[in-house]
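S.K.: Submitted below is the structure of interest, expressed as structure tokens.
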Amino acid sequence: MHGSNPYYTWTSSDNAGGSAYGALPSANPGMSSNLLTLVFTSMNPNILSSTVVGPNNDPCYYVITDSSLPGYTVFKGTDDRSVALIDWTRQCQVEIRDIVRKQAASSFLSLSSDRQYRIMTVAGQKYMWAPHKNLICLYTNNTPTPVQLAQLSKVQGIIKLELTASAVQAGLVLPCLAAAVLLQSGQRID
């Protein structure tokens with residue numbers, strides 16, 4: 001059900017100016033220098049079964065939804081070690097090894113009261129995923145002027161996650177990957 005996941009599909013909006021949220025800075029299309037770019041590839045049939053590649057198209061993670069384990073999506077590193085899990089049975093839950101304890105996806109990515117953005121909590125820090133034109137951008141949520149840390153794009157079926165060095169240093173790679181899968185899964189997460 002897509003109705004409760006406002007970021008499942010998105011298109012360019014008529015908002016040609018700054019952020020729809022006033023206080024947020026505009027997405028920075030020039031943030032391409034010094035970014036970690038991760039691309040979801042080999043989507044079979046979608047993001048729930050895909051390979052995440054990084055620099056030089058080297059695989060970094062595998063997102064596996066296997067019929068032998070129905071109702072679960074497992075994230076594995078290149079060493080075949082499970083690093084995160086989404087449990088779609090009953091209430092959608094997410095767990096990221098050593099980073100996010102198992103919790104409802106609706107807590108990990110809580111919808112704002114005005115339903116305009118999602119708040120992701122990692123290690124006690126709150127971050128904000130907010131749509132901007134054809135992107136979903138991750139911002140700091142505890143500063144007077146939010147700083148963009150990452151952006152998620154979907155262009156011609158290619159899903160790309162770009163993270164700043166600050167996001168990588170803050171340990172947000174796996175949480176952002178899990179958020180990307182949840183937001184692009186087409187599944188109900190609330």
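S.K.: Within the group Ser82, Ser68, which residue is modelled with pLDDT of 95 or more, over 14 Å from the mean Cα position of the chain (by Cα) and polar (S, T, N, Q)?
M.R.: Ser82
S.K.: Among (1) surrounded by 19 or more Cβ atoms within 10 Å (Cβ to Cβ); (2) under 19 Å from Ala170 (Cα atoms), which single condition is Phe75 missing?
M.R.: (2)
S.K.: Between residues in the range 23-52 that are under 20 Å from Asn134 (Cβ atoms) and residues that are buried (at least 16 other Cβ atoms within 10 Å of the Cβ) and modelled with pLDDT under 85, which pairs lie under 7 Å by C-beta distance while being six or more apart or on different chains?
M.R.: Pro25/Ser19; Ser26/Ser19
S.K.: Within the range 152-173, restricting attention to residues that are closer than 17 Å to Asn34 by Cβ and among the small types (Gly, Ala, Ser), which residue is surrounded by the fewest Cβ atoms within 10 Å (Cβ to Cβ)?
M.R.: Applying the filter and picking the extreme gives Ala165.
S.K.: Has the range 152-163 got any residue that is more than 13 Å from Val100 (Cβ to Cβ), touching a Phe, Trp or Tyr at 6+ places or on another chain (Cβ under 9 Å) and of a type in the set (D, E, K, R)?
M.R.: Yes, there is a match, as at least one residue in the range 152-163 is more than 13 Å from Val100 (Cβ to Cβ), touching a Phe, Trp or Tyr at 6+ places or on another chain (Cβ under 9 Å) and of a type in the set (D, E, K, R).
S.K.: What residue, of Ser67, Ser113, is among the hydroxyl-bearing types (Ser, Thr, Tyr), under 26 Å from Val39 (Cβ atoms) and exposed (fewer than 10 other Cβ atoms within 10 Å of the Cβ)?
M.R.: Step by step, each of Ser67, Ser113 is checked, and only Ser67 is among the hydroxyl-bearing types (Ser, Thr, Tyr), under 26 Å from Val39 (Cβ atoms) and exposed (fewer than 10 other Cβ atoms within 10 Å of the Cβ).
S.K.: Please state which of the following conditions Ala123 fails to meet, knowing it meets all the rest: (1) buried (at least 16 other Cβ atoms within 10 Å of the Cβ); (2) of a type in the set (Gly, Ala, Ser); (3) in contact (Cβ under 8 Å) with a residue 24 or more places away in the chain; (4) more than 26 Å from Val53 (Cβ to Cβ).
M.R.: Result: Ala123 fails condition (1) only.
S.K.: Then there is this: Just one of Leu135, Leu149 is touching a Ser or Thr at 6+ places or on another chain (Cβ under 8 Å), free of Cβ contacts under 8 Å to residues at least 24 places away in the same chain and crowded, with 19+ Cβ neighbours inside 10 Å; which is it?
M.R.: Within the list Leu135, Leu149, the selection yields Leu149.
S.K.: State the number of residues belonging to the range 53-64 that are surrounded by 11 or more Cβ atoms within 10 Å (Cβ to Cβ) and free of Cβ contacts under 8 Å to residues at least 24 places away in the same chain.
M.R.: Adding up the residues that qualify gives 6.
S.K.: Residues that are over 27 Å from Lys126 (Cβ atoms), at least 1 per element: which strands (runs of 3 or more DSSP E) completely within the range 30-109 meet that?
M.R.: Passing ranges, in order: 35-41, 50-53, 59-64, 72-77.
S.K.: Does at least one position in the range 83-93 carry a residue that is out of contact with any helix residue (DSSP H, G or I) (no Cβ under 7 Å at 6 or more places or on another chain), among the polar types (S, T, N, Q) and in contact (Cβ under 8 Å) with a residue 40 or more places away in the chain?
M.R.: No, that holds for no residue.
The values are calculated or read from the model by the stated rules, or taken from the named source; none is laboratory data. Just so it is clear, the structure is predicted and the values come from calculations on it, not from any experiment. Backbone-built Cβ (ideal geometry, glycine too); neighbour counts: all protein chains shown.
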